[in-house]
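These notes are about the structure you will find just below.
The values are calculated or read from the model by the stated rules, or taken from the named source; none is laboratory data. Predicted model, so just to flag it, every value in this text is computed and none were measured. Cβ placement follows ideal geometry from the backbone for every residue including glycine, while neighbour counts extend to all protein chains displayed. To get the accessible areas, we keep the full protein, side chains included, count just its heavy atoms, and leave off ligands, DNA and RNA. Shrake-Rupley method; radii C 1.70, N 1.55, O 1.52, S 1.80 Å.
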Amino acid sequence: MSRHTVFTGCATALITPFKKDFSVNYEAFEKLIDFQLDSGIKAFVVCGTTGEAATLSDEEQSELISCAISRAKPRGAAVIAGAGSNSTSHAIKLSQRAAALGADALLHVTPYYNKTTQRGLTEHFKAIAAAAELPVILYSVPSRTGLSIAPETYLELSRVENIVAAKEASGDFTLISRAMQLCGDNLDFYSGNDDHTVALMSLGAKGLISVLSNVKPAEAQRMCSLALEGDFKGAARLQLEFMPLITALFSEVNPIPVKDACNLLGFEAGPCRLPLSEMNERKRETLEGLLNVG
């Protein structure tokens, strides 16, 4: 294990519950965290993609991070704050706020819309790391940003003391394998896709940052634990068992389905904020059947 490892196993990419008026439902957020902790989850990502960070104000992000810290850290769980932005100065501001609140680490997505070059990526992340003074987990999700982190860029960034890990959701196993080979123990990797977990962990990834675990935390954690123990057959059996549910959770843009799933399970997740819309009724019925509710 790298001396910089933030967590191993499964970290839940938490949803952000909203009330009917679209204000944040902090009470429901606390109940969801309690459920996760009781199910064995030891790490959380707050204000990431699944948490609808793109529609949250800076003040709401700070309050959600503070709420998660007060609820989770006394029980020994790590809180990783989403602080990404396509503006480097704004990403630094969000990072410094999260650090002041007591977050354990930061998750930083590659810049979106304006994008950048690989040189720009390097400079962006180095500037954040220098200002943040917290462990930084890089996040590559080109389906949303139009930009991947190249293996050679990972190598250069792995030499920065507090850039410690990467959440990889590119699905490009050749790129990821090359990056792992180049970086060795200097950079931890996590799967950013539930359906790629066992494959990436077989290559050496330390775990998963999960959407599935919002609704199946114990099972997602068990899958990762089996992989960490070297029981890849057992881990694969679990992943294959939950593939229909994983598919349903990504049948529309994340987090639309997982918020509906949480609502079906009684967690008062509420609606998504626009521009995310309500889930297709037929797809919701499929999801309901897979959750065995109703």
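For Ile92, neighbours were defined as the other residues whose beta-carbon sits under 12 Å from its Cβ, and their charges (Lys and Arg +1, Asp and Glu -1) total +2. Each other residue within a Cβ distance under 15 Å of Gly230 adds +1 if Lys or Arg and -1 if Asp or Glu, for a net charge of +2.
Please pull out the direction-averaged projected area of the stretch 14-111, using the convex hull of its alpha-carbon atoms, in nm² to one decimal place. Show your work: numbers first, answer last.
On the way: hull surface 23.2 nm².
So the Cα hull casts an average projection of 5.8 nm².
Quote the Stokes-Einstein diffusion coefficient, in whole µm² s⁻¹, for the stretch 1-59, based on the Kirkwood radius over alpha carbon pairs, a temperature of 25 °C and a viscosity of 0.890 mPa s. In µm²/s, the coefficient is 192.
Which value, in debye to the nearest 20, gives the size of the charge dipole of the chain about its Cα centre, when Lys and Arg are +1 and Asp and Glu are -1 at the Cβ?
On the way: 27 positive and 33 negative charges, 67 e Å.
Dipole of the chain, to the nearest 20 debye: 320 debye.
Express the accessible area of the stretch 137-294 per residue in Å², computed with a 1.4 Å probe while the remaining protein chains stay in the model.
Details: 6630 Å² over 158 residues.
I get 42 Å² per residue for this part.
Would you mind telling me the share, in percent, of accessible area of the chain contributed by carbon and sulfur at probe 1.4 angstrom? If you can, show how the numbers build up before the last one.
Values: 6130 of 12180 Å².
Carbon and sulfur together cover 50 percent of it.
Between Leu182, Val109, Gln36, the Cα set farthest toward the positive side of the dipole of the chain (charges on each charged residue's Cβ, about the Cα centre) is that of Leu182. Site pair Ser202 and Lys19 shows an inter-label distance of 4.9 nm when each label is modelled 7 Å from Cα along Cα→Cβ.
Output the relative contact order of the stretch 209-294, whole-number percent, from Cα pairs under 8 angstrom with separation of 6+ residues.
Numbers: 78 pairs, mean separation 21.6, N = 86.
Dividing the mean separation by the residue count of the stretch 209-294 yields 25 percent.
Summing Lys and Arg as +1 and Asp and Glu as -1 over all other residues whose Cβ lies under 13 Å from the Cβ of Ala166 gives a net charge of -1. Dipole size of the stretch 153-294 about its Cα centre, with +1 on Lys/Arg Cβ and -1 on Asp/Glu Cβ: approximately 60 debye, rounded to the nearest 20. Amide H contacts of Ala43: Thr12, Ala78, each under 5 Å away and 5 or more positions distant or on a separate chain (H built 1.01 Å from N in the peptide plane; Pro and chain starts excluded). Going toward the positive end of the dipole of the chain, with +1 on Lys and Arg Cβ and -1 on Asp and Glu Cβ, which of Ala129, Val198, Leu94 do you reach last? The one lying farthest along the dipole's positive direction is Ala129. With the alpha-carbon atoms of the chain aligned to their principal axes, the span from lowest to highest coordinate is 51, 45, 37 Å, starting with the largest.
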